[in-house]
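First the structure, in the form of structure tokens, and then the observations on it.
No lab work stands behind these numbers, since they all come straight from the coordinates. All of these numbers come straight from a predicted model, not from anything done at the bench. Backbone-built Cβ (ideal geometry, glycine too); neighbour counts: all protein chains shown.
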Amino acid sequence: MSRISYNSKALGLYLHIPFCASKCGYCDFYSLTDDARRKDYVAALLQHLREYGKVCSGYTVDTVYLGGGTPSCLGPKYLTRILNEVKGCFRLAEDAEITVECNPESTDKKLLDALKKSGVNRLSLGVQSADDNELARIGRIHTFEEAKAAVELARERGFDNISLDLMYGLPEQTKQGFLHSVRQVLDLMPEHLSCYGLKLEPTTKMGRENPVLPEDDEQAEMYLAMCEMLRESGFEHYEISNFAKPGRRSRHNCKYWDLSEYLGLGPGAHSYMNGRRFEFARDLKAYIGGENIVQDEDEVATYQRQGEYLMLRLRTAEGIDFIDLEKRYNIDSTPYEEAFRALLGRGLVAHQGTRWFLTEEGFLVSNSIINCIIEAGQPNIDTNT
Amino acid sequence: MSNRNHIRNFSIIAHIDHGKSTLADRLLEQCEAVSQREMEEQLLDNMDLERERGITIKARAVRMEYKADDGEVYEMNLIDTPGHVDFNYEVSRSLAACEGALLVVDAAQGIEAQTLGNTYLALDHDLEVVPVVNKIDLPAADPARVKQEIEDIIGIPAEDAPEISAKMGINIRAVLERIVKEIPSPEGDEGAPLRALIFDSQYDPYKGVIVYMRLMDGRIAPGMKVRMMATGAEFQVIECGYMQPLGLSPQKGLSAGEVGYFTASIKNVADTHVGDTVTEAERPTTEALPGYRPAQPMVYCGIYTEDGSKYPDLRDALEKLQLNDAALSFEPESSVALGFGFRCGFLGMLHMEVIQERLEREFDLDLVTTLPSVIYQIVKTDGTTVFCDNPHDYPDPVLIEEAREPFVNASIMTPQEFVGNIMPMCQDRRGIFKDMKYLDSSLVELHYEMPTNEIIYDFFDALKARTKGYASLDYEMSDYRKSDLVKVDMLLNSEQVDALSFIAHREKAYGRARRICEKLKENIPRQLFEVPIQAAIGGKVIARETVKAMRKDVLAKCYGGDITRKKKLLEKQKEGKKKMRSLGTVQVPTEAFMAVLKLDEE
């Protein structure tokens with residue numbers, strides 16, 4: 001596998017591990033707590049890797065991401081098996097970023113050593129909060145001390161690129177309490193932070209319980225204060241919910257925001273290849289049975305790609321450069337630019353030359369802004385058709 | 001059949017829900033005027049809306065034949081009446097066509113407001129009122145108490161009132177027997193010139209207008225040339241006859257005392273005013289029947305479609321409704337905020353609501369309406385006088401010499417104990433107390449002069465609320481009086497929203513402006529920037545609220561699988577936006593206009 005193909009395109013590879021030790025109250029990702037099916041699942045995933053490896057022979061995989069669910073709860077044996085299969089079936093770039101999501105309760109020395117040996121060079125750990133009461137309230141099964149221990153252990157076993165997850169807008173959370181969590185998490189010296197506002201999804205336990213969350217204004221204050229604190233600690237705010245030390249951005253996740261290609265395998269995993277978006281159904285049994293469960297297959301129309309591009313790029317700190325946009329889609333970007341100009345002076349958007357981007361205040365209301373921008377450029381296009 | 005002694009013309013007076021329609025159905029059944037199979041529940045109310053609201057909007061009449069215990073066959077004409085103060089005039093015309101009325105009272109609930117008002121209307125027309133106690137099948141039924149109540153409150157003997165259950169079909173025949181025995185047969189001179197009272201009309205696409213009438217004198221027959229005395233319009237009768245539950249029954253002719261219809265290729269209901277007298281063109285009567293009053297719109301409002309492109313549909317719909325409703329008037333207008341629409345005139349608020357609902361239901365239109373207004377009279381400094389029912393046309397204050405607003409003479413009938421509740425309410429609405437008359441030991445009639453715009457919005461509902469539903473209201477346009485009027489403009493983000501402007505008495509303007517600001521604040525979603533809401537008279541701001549800027553509208557996660565979801569979310573938001581009106585830079589949901597309109601209902 002040393003020769004690079006003449007026409008090598010980069011590809012991100014996402015593998016979904018739909019298992020967890022227990023289900024968190026807010027999570028609506030596809031995941032089960034059924035231990036018995038892990039073996040069959042891994043076999044099916046390996047089979048799938050082999051099939052898609054053949055189809056993707058022209059690609060070079062430069063990022064691999066094992067997400068879930070909780071990949072770490074699969075244990076060292078299965079994870080090693082999966083990662084070896086990836087190496088065997090796909091052409092992997094030498095400097096490929098390989099990330100595995102871990103939860104504190106299933107992160108031990110054995111697992112970390114196995115991951116390290118399999119070439120994993122980035123860990124993403126779900127910490128969520130430094131307040132044990134908050135952790136319990138949202139259904140996490142670890143304490144902050146355990147999370148802290150897991151991070152320290154990972155350091156000790158040689159991981160130098162660690163991302164931590166945090167949440168804000170939790171029930172009963174105050175701005176002060178949240179910032180205290182941020183500070184505690186910063187003390188763990190992560191290279192990367194993902195910080196998500198809690199969203200109640202109707203199909204989740206918390207969605208059904210529908211607890212009172214902090215007011216929008218309070219949440220906005222939490223977010224802005226956190227942004228400031230992280231900036232002061234040397235983090236770049238490169239996407240709405242993502243912060244990285246210089247050079248430590250998630251290369252895999254960045255693919256989602258610049259319309260690069262990625263292949264996602266496993267039930268509930270999404271792919272975007274050759275202008276097509278598709279998903280493997282959230283059905284573990286059918287997946288194991290090898291059924292054809294591709295769904296939501298959707299050739300993205302050209303005008304929709306512009307919309308997607310705007311929608312995704314505006315999530316990033318770079319935002320959108322109209323010279324790029326015009327070249328990419330052969331369009332006149334004037335209406336988009338006018339829509340941006342109309343928002344200037346409200347502190348929501350800013351620009352440097354032809355590059356326009358949202359401010360942190362703007363990120364907070366990005367749905368409305370993005371809609372407003374997309375509409376300006378495509379007033380007469382009905383996106384349903 | 002035209003033996004006058006065997007004719008009985010009657011209507012039914014009842015409170016909503018006290019079983020008027022059900023009783024009507026049972027009477028028809030008993031007379032076998034309609035077979036069980038053909039019988040649709042509540043046959044008389046044949047508009048969907050009526051059935052749903054349980055109210056009768058347009059009068060209908062039906063003839064049935066009843067073979068009485070005395071062996072004779074009687075011609076029974078049931079004339080249905082609408083039941084709301086907006087339609088008081090229609091009620092009075094329907095009653096004028098009868099010699100008697102059934103007073104239906106719920107055996108559990110007793111007498112209620114409408115019953116009282118309409119009963120007095122019936123007594124005013126010298127009708128024989130026959131009480132009937134309905135719903136005796138209810139567990140809470142107490143017929144004896146209710147009969148006593150009828151005697152005490154209305155003062156008519158009720159001891160022998162039939163105790164019935166229209167729902168269960170109990171004792172229906174007794175009602176018919178009472179009608180035969182108690183209600184007098186009609187009088188009238190068959191040989192005299194034709195005099196017929198129009199109590200309703202309806203447009204039929206094949207026959208033109210069908211005129212429903214009661215013949216007082218003379219005869220009518222196909223081929224006869226008739227004249228409408230109020231409008232002067234003349235027509236040749238093509239068909240005449242009487243109404244059966246399931247259609248018309250053409251006859252060779254009708255004569256004095258009978259209730260029936262005629263058609264004469266009449267294109268427009270506007271030629272057939274309710275209350276007008278039909279006479280023979282060749283041999284006209286010298287004297288029209290008393291009590292005619294042309295239908296006069298009292299309330300105006302702008303009606304628009306939510307989707308601006310539906311404007312032509314709205315016009316078609318209004319034209320169709322007008323065929324049947326001479327009291328409805330409309331003309332095109334346009335608004336910066338709402339686009340193209342119509343300025344429509346109505347008899348009152350219920351009439352307005354009914355029309356709006358029929359537009360939405362029968363024509364599948366989504367409407368946005370503006371605040372209703374009465375017609376103001378403005379004397380300008382140049383000496384000219386203009387009428388103004390639209391804030392948009394209100395002259396600049398410096399050009400106004402004198403502003404006048406319409407007043408009505410209102411009469412409120414109420415049991416004495418509620419007088420204390422009613423008087424402050426009337427005062428608060430700038431009513432001028434005229435007098436109070438005792439009708440009997442417990443029933444009182446209050447007379448007020450009131451500004452029309454104080455009475456049209458919610459006065460009737462408020463009155464009912466303060467009198468446990470016992471009071472009744474009637475009002476009549478009286479005159480225009482000098483008034484301290486102001487035009488209040490509403491501004492969103494410093495831009496005037498023409499559709500929300502209103503004219504009010506200065507004293508009332510502040511409170512109203514403040515409440516509108518509050519309502520708008522509640523109903524305008526947070527936007528990307530702060531939106532000030534202001535009410536202003538001239539350039540002076542009198543009320544202000546602020547919709548704070550939106551702080552959070554963000555999808556936290558957007559990775560592989562979230563992209564499709566996010567696209568759907570954005571599309572949903574976009575759909576939601578279609579229901580918004582763009583007013584300058586502000587997005588206003590149509591519900592905000594509705595909420596302002598419903599301001600007075602709280």
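Under a model in which nothing but the beta-carbon of Lys, Arg (+1) and Asp, Glu (-1) is charged, region B:238-378 shows a dipole of about 260 debye around its Cα centre.
Where does the charge balance sit around B:Ala230 when Lys and Arg score +1, Asp and Glu -1, over other residues with C-beta under 15 Å from its C-beta? If you can, show how the numbers build up before the last one.
Numbers: positive: B:Arg93, B:Arg195, B:Arg227, B:Arg293; negative: B:Glu234, B:Asp271, B:Asp276, B:Glu287.
The answer is 0.
Our estimate of slack between A:Glu156 and A:Arg50, defined as 0.36 nm per intervening residue step minus the Cα-Cα distance, is 34.7 nm.
Tell me, Kirkwood radius of region B:370-433 from alpha-carbon pair distances, in Å? Result for region B:370-433, one decimal place: 14.4 Å. Charges were assigned to the Cβ only: +1 to each Lys and Arg, -1 to each Asp and Glu. The resulting dipole of region A:9-257 about its Cα centre is roughly 1380 debye. Within chain B, the proportion of C-alpha pairs whose separation exceeds 48 Å stands at 21%.
Dividing the convex hull volume of the Cα atoms of the protein assembly as shown by its residue count, what figure in Å³ per residue is obtained?
Values: hull volume 228.7 nm³, N = 987.
About 232 Å³ per residue, rounded to a whole number.
Selection among B:Met436, B:His392, B:Pro424 by position relative to the dipole of region B:378-438 gives B:Met436 as farthest towards the positive end (Cβ unit charges, Cα centre).
Which value, in debye to the nearest 20, gives the size of the charge dipole of region A:312-385 about its Cα centre, when Lys and Arg are +1 and Asp and Glu are -1 at the Cβ? Don't skip to the end; give the middle numbers.
Details: 7 positive and 11 negative charges, 24 e Å.
Charge dipole of region A:312-385: 120 debye, to the nearest 20.
Annotation for region B:97-167 versus region B:243-318: alpha-carbon center distance of 31 Å.
Using 0.36 nm per residue of separation minus the Cα-Cα distance, give me the extension gain between B:Leu599 and B:Glu518 in nm, one decimal. Please report the intermediate quantities before stating the final value.
Values: separation 81, 0.36 × 81 = 29.16 nm, distance 1.01 nm.
Value of the extension gain: 28.1 nm.
From the mean inverse distance of alpha carbon pairs (Kirkwood) and the Cα radius of gyration, derive Rg over Rh for region A:312-385. Expressed as Rg/Rh, it is 0.95.
What do you get when you divide the Cα radius of gyration of region B:300-422 by 2.2 N^0.38 Å, with N the number of residues? Could you put the intermediate results ahead of the total?
Numbers: Rg = 17.8 Å, N = 123, 2.2 N^0.38 = 13.7 Å.
Expressed relative to 2.2 N^0.38 Å, the Cα Rg reads 1.30.
Taking label points 7 Å from Cα along the Cα-to-Cβ direction, B:Lys434 and B:Thr546 give a separation of 5.1 nm.
Between A:Gln352 and A:Arg183, the modelled labels are 3.2 nm apart [label points 7 Å from Cα along Cα→Cβ]. What does the charge add up to near A:Met229, with Lys and Arg as +1, Asp and Glu as -1, over the other residues with Cβ less than 14 Å from its Cβ? After counting each charged neighbour, the total is -3. Within region A:5-91, the proportion of Cα pairs with more than 20 Å between them is 38 percent. For chain A, modelled as a GNM whose springs connect Cα atoms under 10 angstrom apart, the maximal fluctuation among A:Tyr303, A:Tyr238, A:Tyr65 occurs at A:Tyr303.
Using a Gaussian network model of chain A in which every pair of alpha carbons under 10 angstrom is joined by a spring, one finds that among A:Gly169, A:Gly68, A:Gly88 the greatest mean-square fluctuation is at A:Gly88.
Which entries in A:Lys199/B:Lys521; B:Lys508/B:Lys598; B:Lys552/B:Lys572; B:Lys577/B:Lys598 show an alpha-carbon gap greater than 20 Å? Flagged as over cut-off: A:Lys199/B:Lys521; B:Lys577/B:Lys598. Straight-line reach from B:Lys252: taking Cα to Cα under 24 Å and skipping same-chain neighbours fewer than 8 places apart, the lysines in range are B:Lys67, B:Lys207, B:Lys225, B:Lys267. For chain A, the normalised intensity computed at q = 0.07, 0.09, 0.10 Å⁻¹ comes to -0.33, -0.56, -0.70 (log10 of I(q)/I(0), Debye sum over alpha carbons, equal scatterers, no solvent). Kirkwood analysis of the Cα pair distances in region A:94-167 returns a hydrodynamic radius of 12.6 Å. Taking the alpha carbon gyration tensor of region A:67-123, multiplying each eigenvalue by 5 and rooting it gives semi-axes of 19, 11, 10 Å, largest first.
When chain A is treated as a GNM, springs tying every alpha-carbon pair under 10 Å, which of A:Ile17, A:Ile370, A:Ile323 comes out with the largest mean-square fluctuation? Maximum among the listed residues: A:Ile323.
Using bins of 10 Å that start at zero, the share of Cα-Cα pairs per bin across region A:245-385 amounts to 10, 35, 32, 17, 6, 1, in whole %.
Selection among A:Tyr78, B:Ala513, A:His270 by position relative to the dipole of the protein assembly as shown gives A:Tyr78 as farthest towards the positive end (Cβ unit charges, Cα centre). Compactness of region A:1-146 was expressed as the Cα radius of gyration divided by 2.2 N^0.38 Å, which yields 1.12.
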